[in-house]
Each structure stands twice: as C-alpha cells, then as structure tokens.
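Here is the structure we will look at.
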Amino acid sequence: MELNQRTEIILSQPRSSLGSVYLDWNPQPGAYLEVAGQTYLVLERRHRYHLKAGRYELHQTTLYVQKSDLPEEKSLLDGQWVIGDITCLYNARSELLRCAVNPQGPCDRCAHYHPRPSS
C-alpha cells in the first residue's frame, strides 16, 4: 500500500462509515487503529483499483473495524502493538495471539515465563 493513501474506515457492527483518513502506516488485520480518540481493531482490509492508461493503480484502501480497547497486557514492538509480555521467550509477538503455552494470559502470573535471550 502506498503510504498516505486515502483509507476509508468502516465500522462493521452496526455497519457505518467513520470517514476517510490518510495513514502513514499499513495496518494489517489484527492491528489497532485510533480514529477520533476511539480505538478500533482492524478486521479486514480491501483494495480498490482503477484502470488508468492500460494499468491498474491502487485507488483506495478500505478497513473494516470494530470498536475495541487495547488489551491490558500490551507492548509496542517495532511500531505495532502486540499482546502480552514481549520479554518472555514464549510470546508470539502478535496482535492476535499472546503465546503458545498460555494464550489466554495473564502474563504477570504465568508459571511458564522464561526470559527471552538478549540478541
């Protein structure tokens, strides 16, 4: 996706448009997005193309979202929010899955916590 491309934000339930924004990052499904002070979870991303001079060009990106709050256990990793404690070896470093051994959490009382080796 071209950065600063017009992106339409659509609330899934009840289905309504939240408007269009220009984003400087490429949100994937599972990422959290803040629009007008409200946090949304990205469920789906769609692209629209236009035929121009015999070539298809990206015209618009649409994100389908639902209202959400960031999980209480979260960490910012390379500009993306991930669930759980990223210092744990078993953390999945994902927006959707906390870890393999304790996916429901919480991390702070997990008997399987093992520090991730420093690189």
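Can you compute the modelled spin-label distance between Leu43 and Lys74, with each label point 7 Å from Cα toward Cβ, in nm?
1.8
I want the local charge near Tyr90. Using Cβ-Cβ distances under 11 Å, sum +1 for each Lys or Arg and -1 for each Asp or Glu among the other residues. Working shown, then result.
Values: positive: Arg93, Arg98, Arg116; negative: Asp85.
Neighbour charge sum, excluding Tyr90 itself: +2.
Show the residues, 5+ positions off or on another chain, whose built amide H is closer than 5 Å to the amide H of Cys99.
HN-HN under 5 Å from Cys99: Ala92.
Starting from the coordinates of the alpha-carbon atoms of segment 6-67, obtain the Kirkwood hydrodynamic radius over all distinct pairs and give the value in Å to one decimal. Walk me through the numbers before you get to the answer.
Values: mean 1/r = 0.0819 Å⁻¹.
It works out to 12.2 Å.
Return the long-range amide H neighbours of Gln60 (sequence gap of 5 or more, or a different chain), with a cut-off of under 5 Å between placed amide H atoms.
Arg48
Please state the shape class of segment 71-119: rounded when a/c is under 1.5, otherwise prolate if a/b exceeds b/c and oblate if not, all from the C-alpha gyration tensor. If you can, show how the numbers build up before the last one.
Working: a/c = 1.77, a/b = 1.13, b/c = 1.57.
In terms of gyration-tensor shape, oblate.
Applying the Karplus parametrisation 6.51 cos²θ - 1.76 cosθ + 1.60 with θ = phi - 60° to the phi angles of segment 104-118, what ³J(HN,Hα) value in whole Hz is obtained for each residue in order, glycine and proline being reported as x?
So the J values, rounded to whole Hz, are 8, x, x, 6, 5, 10, 6, 6, 9, 4, 9, x, 6, x, 6.
How many angstrom lie between the Cα centre of segment 65-119 and the Cα centre of segment 28-53?
23
Each label point is 7 Å from the Cα along the Cα-to-Cβ direction; what then is the distance between the points at Lys67 and Tyr22, in nm?
With each label placed 7 Å out from Cα toward Cβ, I get 3.0 nm.
In Å, what is the Rg of the alpha-carbon atoms in the chain, and how long is Dmax?
Considering the chain through its Cα atoms, Rg and Dmax are 17.5, 60 Å.
Any read-out appearing in this document is the output of simple, stated calculations on the displayed coordinates, not a laboratory observation. None of the values given here were measured: they were computed from a predicted structure. Glycine gets a Cβ as well: all are built from the backbone with ideal geometry, and neighbour counts include every protein chain shown.
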